[in-house]
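The values are calculated or read from the model by the stated rules, or taken from the named source; none is laboratory data. Nothing here was measured: the structure is a model prediction, and the numbers come from that model. Cβ placement follows ideal geometry from the backbone for every residue including glycine, while neighbour counts extend to all protein chains displayed.
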């Protein structure tokens, strides 16, 4: 884990230090969300839970965040310019990014470690470019 703020909270054990996974599991998670909570014919989340996680709360739409994802907040630049209008995603401190596009049934997963070796630099533009490359490579109807 590399989050200089998280290690100062609760003796280094905090809920804000990120989601740790690999590309395969994130792809499965994305597929489950794209399939309204079902993966390999098994219900993981109810359709209502998926809808709640991906829908702007009433009265809070100006923030551009659902209970689980960025839609159009200041952190949603990872979506690039070519994905559908209902794409949602999340970014991480080390440069990681996930974007799920239900309109085009595609997910973009970028796992990085931009903090190595000196905790400098930004991958904000890279995230958007990767999303655009994926969107351009997938035939949208």
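Points worth noting:
- Among residues of segment 107-116 being in contact with a helix residue (DSSP H, G or I) (Cβ under 7 Å, 6 or more places away or on another chain) and farther than 12 Å from residue 33 by Cβ, the one that is modelled with the lowest pLDDT is 111.
- Exactly one residue out of 119, 81 is outside any strand (DSSP E or B), out of contact with any helix residue (DSSP H, G or I) (no Cβ under 8 Å at 6 or more places or on another chain) and surrounded by fewer than 18 Cβ atoms within 10 Å (Cβ to Cβ): that is 119.
- Residue pairs meeting the criteria (Cβ under 9 Å; at least 6 apart or on separate chains; first at negative phi and touching a residue at least 40 places away in the same chain (Cβ under 8 Å), in segment 55-74; second in a loop (DSSP other than H, G, I, E, B) and surrounded by fewer than 16 Cβ atoms within 10 Å (Cβ to Cβ)): none
- Positions within segment 89-116 being loosely packed, with under 15 Cβ neighbours inside 10 Å and under 21 Å from residue 25 (Cα atoms), in sequence order: 105, 111, 113
- Residue count for segment 38-78, restricted to those that are in contact with a strand residue (DSSP E or B) (Cβ under 7 Å, 6 or more places away or on another chain) and assigned to a helix (DSSP H, G or I): 3
- Counting the residues of segment 22-36 that are closer than 21 Å to residue 86 by Cβ and modelled with pLDDT under 95 gives 0.
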